[in-house]
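The values are calculated or read from the model by the stated rules, or taken from the named source; none is laboratory data. Just so it is clear, the structure is predicted and the values come from calculations on it, not from any experiment. When we count neighbours, we look across all protein chains shown, and the Cβ atoms used for this are built from the backbone with ideal geometry, even at glycine.
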């Protein structure tokens, strides 16, 4: 199984290459962020503001919250379909793939309630974390969620399948190859996967596909470590 030892083995000291704009995209501006926050606030439910997390937001939300619940989103699934990352957890030789919500299936994640009195401030932090380019490849939207305490509506970021950054059709073997190799200035895809799976497990959430991928990634890294040790020994 994927472990801290595998994460450490994949650690690399990579300088930040800076943003890379894809054709048809431009950097998001303060005006873009202001407009987005206003749109979200204007459309928000009146009975509390919730944000649904399915990936790194679970373990690194970077915003303040007053309540957290496990939540189920039907009609959506957690998938490595946001590509390609040449900066944060990938590079030119081996670009990374990030998690996004894609249509189909179901996804159990975490929903956070933002503090009412500091909603705009925290939304700015959230949007600036999630959106760096315009148009965004995974725009915000409201989705229905189920929790043990009852149904609610949460804000999330879901993949736009028409975006040039949408990646589909990769086999689990091809995905595992990427996750076992890609690394950027912020860390490796191995670390990203390990952190996500570990935090899901801590919450009692077992995502069978993520669990399968982490085992496949661990096997690949183990083979690489064994080959390196054999080479040194010889």
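I'm trying to understand the selection: among the residues of segment 45-56, which are touching a helix residue (DSSP H, G or I) at 6+ places or on another chain (Cβ under 8 Å) and closer than 26 Å to residue 161 by Cα? Hits for segment 45-56 are 51, 55, 56. Only a single criterion out of (1) touching a residue at least 12 places away in the same chain (Cβ under 8 Å); (2) farther than 23 Å from residue 207 by Cα is not satisfied by residue 93, namely (1).
Quick grid of which residues meet (1) at pLDDT 95 or above; (2) over 20 Å from residue 68 (Cβ atoms); (3) in a helix (DSSP H, G or I):
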site: 196; (1), (2), (3): yes, no, yes
site: 200; (1), (2), (3): yes, no, yes
site: 206; (1), (2), (3): no, no, no
site: 213; (1), (2), (3): yes, yes, yes
site: 216; (1), (2), (3): yes, yes, yes
site: 219; (1), (2), (3): yes, yes, yes
site: 222; (1), (2), (3): yes, yes, yes
site: 227; (1), (2), (3): no, yes, yes
site: 231; (1), (2), (3): no, yes, yes
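The set of residues from segment 64-106 being under 21 Å from residue 147 (Cα atoms) and outside any strand (DSSP E or B) comprises 64, 65, 66.
Note on segment 140-166: among residues that are farther than 20 Å from residue 74 by Cβ and free of Cβ contacts under 8 Å to residues at least 40 places away in the same chain, the one that is surrounded by the fewest Cβ atoms within 10 Å (Cβ to Cβ) is 162. The residue pairs whose first member lies in segment 73-86 and is on the phi > 0 side of the Ramachandran plot and without any contact (Cβ under 8 Å) to a residue 40 or more places away in the chain, whose second member is crowded, with 23+ Cβ neighbours inside 10 Å and not in a strand (DSSP E or B), and whose beta carbons are closer than 9 Å, counting only pairs six or more residues apart or on different chains, do not exist in this structure. Based on what the data block shows, is residue 167 under 15 Å from the mean Cα position of the chain (by Cα) and under 20 Å from residue 70 (Cα atoms)? No; evaluated as a whole, the condition is false for this residue. Just one of the listed residues (86, 49) is over 19 Å from residue 210 (Cβ atoms) and at pLDDT 95 or above, namely 49. Reported count of residues in segment 107-134, each being over 30 Å from residue 208 (Cα atoms), touching a strand residue (DSSP E or B) at 6+ places or on another chain (Cβ under 9 Å) and not in a helix (DSSP H, G or I), is 3. Might you let me know whether segment 71-84 holds any residue that is surrounded by 21 or more Cβ atoms within 10 Å (Cβ to Cβ) and within 15 Å of residue 48 (Cβ to Cβ)? Yes: segment 71-84 contains one or more residues that are surrounded by 21 or more Cβ atoms within 10 Å (Cβ to Cβ) and within 15 Å of residue 48 (Cβ to Cβ). Within segment 72-113, being in contact with a helix residue (DSSP H, G or I) (Cβ under 6 Å, 6 or more places away or on another chain) and farther than 13 Å from residue 156 by Cβ holds for 80, 89, 96, 97.
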